[in-house]
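Take a look at the structure set out below.
The values are calculated or read from the model by the stated rules, or taken from the named source; none is laboratory data. Keep in mind that this is a model prediction, so the values were computed, not measured. Don't worry about glycine lacking a Cβ; one is built from the backbone with ideal geometry, like all the others, and counts go over all protein chains shown. Surface areas here come from the heavy atoms of the whole protein model, side chains and all, with no ligands, DNA or RNA. Shrake-Rupley method; radii C 1.70, N 1.55, O 1.52, S 1.80 Å.
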Amino acid sequence: MKKLKLIRLSNSEECTQGVLKDTETGICLMLTFELPWLNNEPCVSCIPSGTYTVTKYSSTKYPDAYEITNVPNRTHILIHTGNTVDHTRGCILPGSTFGVLGNKNAVLSSGAAYKKLKSFVKDEDWELE
């Protein structure tokens, strides 16, 4: 099982920015963009630090995503494409660079970063620390 580590670089009132690295090689796979830390409140906070299993996920709205499982007091925490806090209700958004869209902090090139993640983990479960 692949093991990836999310390293949060900054946490502001607006967002949390980080990087996702392969623990075996130390290679940075992508940047991450989340909601700010607000005590793990559903739909408004990033998830707490911990170790989670990530599985392939599909729904009508998100037919090609990954679900972070066993998050305390939370469900349906996904990794899917998006750019700003308007595109997440607690999920992790992948990106290639940080920037600004419509006067909001953002992660850019989300689709390309997500494809890179998919090619790395395939459809297998993986561990997120």
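Summary of values
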item: Residue-normalised accessible area of region 65-127, given per residue in Å² at a 1.4 Å probe; result: 49
item: ASN39 versus THR25: modelled label distance in nm, points set 7 Å from Cα along the beta carbon direction; result: 4.2
item: Contact order relative to length of the chain, as percent, for alpha carbon pairs under 8 angstrom and 6 or more apart; result: 26
item: Dipole in debye (nearest 20) - the chain, about Cα centre, beta carbon charges: Lys, Arg +1; Asp, Glu -1; result: 240
item: The chain - mean residue ellipticity at 222 nm from DSSP helices (-39,500 (n - 2.57) per run, n ≥ 4, rounded to 500); result: -3000 deg cm²/dmol
item: Relative packing of peptides 31-38, 90-97 - highest average C-beta neighbours within 10 Å first; result: 90-97, 31-38
item: Cross-link partners of LYS61 among aspartates and glutamates (Cα-Cα below 18 Å; sequence separation of 8 or more within a chain); result: ASP86
item: Surface share of carbon and sulfur [accessible, 1.4 angstrom probe, percent] for the chain; result: 50
item: Cα gyration tensor of region 68-129 - equivalent ellipsoid semi-axes, whole Å, descending; result: 22, 17, 7
item: 13 Å Cα-Cα reach of LYS5 towards aspartates and glutamates, excluding residues that sit fewer than 8 places from it in its own chain; result: ASP22, GLU24, GLU127, GLU129
item: Qualifying lysines (Cα of each under 19 Å from Cα of LYS2; at least 8 residues distant if same chain); result: LYS21, LYS56, LYS115, LYS116, LYS118, LYS122
